[in-house]
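Computed from the coordinates by the stated procedures, all read-outs in this text should not be read as laboratory data. Small disclaimer: the values here were computed from a predicted structure and weren't measured.
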Amino acid sequence: MQICRWDLAQVLPVFITCILVSSVTLEIFYLSLTLSGSAQLPLLVVILYLFFNVVGNMVRFIQSNPSIKGVFLEHGSVGQGWVYCYSCQTHIPPRCHHCYNCNVCVLRRDHHCTLLGKCVGYSNYRYFFCALLNALLALLLATILNAEIFMDLLHQGFSLHSFFLLLMPWMMFLTGQVSGSAFVFAFVADTCVVGFLFCLAFLVLHSFILYRGSTTKEWFNGHSRDYDYGWKKNARTFLGERWYLVWLSPWIQSTLTGDGINFEPRNLSTVSSKNVNQ
């Protein structure tokens with residue numbers, strides 16, 4: 001039973017995310033096909049490029065394993081910054097923390113991604129960051145294309161009907177106030193706007209902590225500068241040697257520096273030896 005619940009906890013968020021991505025993509029395609037003129041073909045190319053980048057980074061993110069499973073942790077190397085995880089019953093290196101959702105310790109753990117049902121860590125941070133960036137661009141494009149729908153509603157005159165259609169399309173649909181097609185367009189349009197704001201906030205946050213060579217956990221705990229060696233080295237540490245190309249495609253090879261186990265802080269005295277479960 002535990003295995004089934006665990007599988008559901010991983011599969012269900014991915015399934016819901018795939019439905020949202022598919023619905024937004026289909027609506028963007030529909031809106032782009034309704035356009036006339038020479039801009040239609042370039043727009044379709046841009047949509048396809050962003051779609052494959054978002055989906056590709058999501059797939060690579062899920063395939064990557066940032067946990068300590070399959071990683072040989074030498075007991076002889078236990079030293080400054082290593083702690084003992086009572087859940088995994090092993091010593092773990094600095095910046096490694098236990099995730100109670102994944103039920104495993106994750107190397108250089110940043111946070112647990114609820115939308116993809118997996119932790120963001122050493123080996124998959126690049127794919128998380130690039131998926132976030134491309135999703136932001138795709139949702140911005142979708143919001144711009146959906147602006148015509150909002151303008152049509154405003155041209156018809158602002159009313160409580162249009163207000164509730166944009167704010168609570170589910171309620172309007174369930175009470176029979178709007179048709180199914182109007183509900184779908186309103187719901188997807190709302191999803192684009194909310195998703196854009198959500199991605200923007202997360203991208204700003206992760207750009208800031210990436211600039212400092214930090215993780216979300218370290219930033220919240222006030223240790224955001226412990227591993228800061230300048231923005232360029234920080235980018236190589238988190239995104240790989242070819243950090244300047246990873247934005248273009250998830251299939252571009254970009255070897256990560258280090259091994260995810262050994263980290264040298266700027267000041268050894270800043271490394272805390274608190275238990276991982278605290």
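Here the 3J(HN,Hα) profile of the range 186-196, calculated from phi with Karplus coefficients 6.51, -1.76 and 1.60 at θ = phi - 60°, is 5, 5, 5, 4, 5, 4, 5, 5, 5, x, 4 Hz, Gly and Pro shown as x.
Once amide H atoms are placed 1.01 Å from N in the peptide plane, what residues at a sequence separation of 5 or more from Val83, or on another chain, have their amide H within under 5 Å of its amide H? Under 5 Å from the amide H of Val83: Ile92. Cross-linked pairs Lys69/Lys118; Lys118/Lys217; Lys118/Lys232: Cα-Cα separations exceed 25 Å for Lys118/Lys232.
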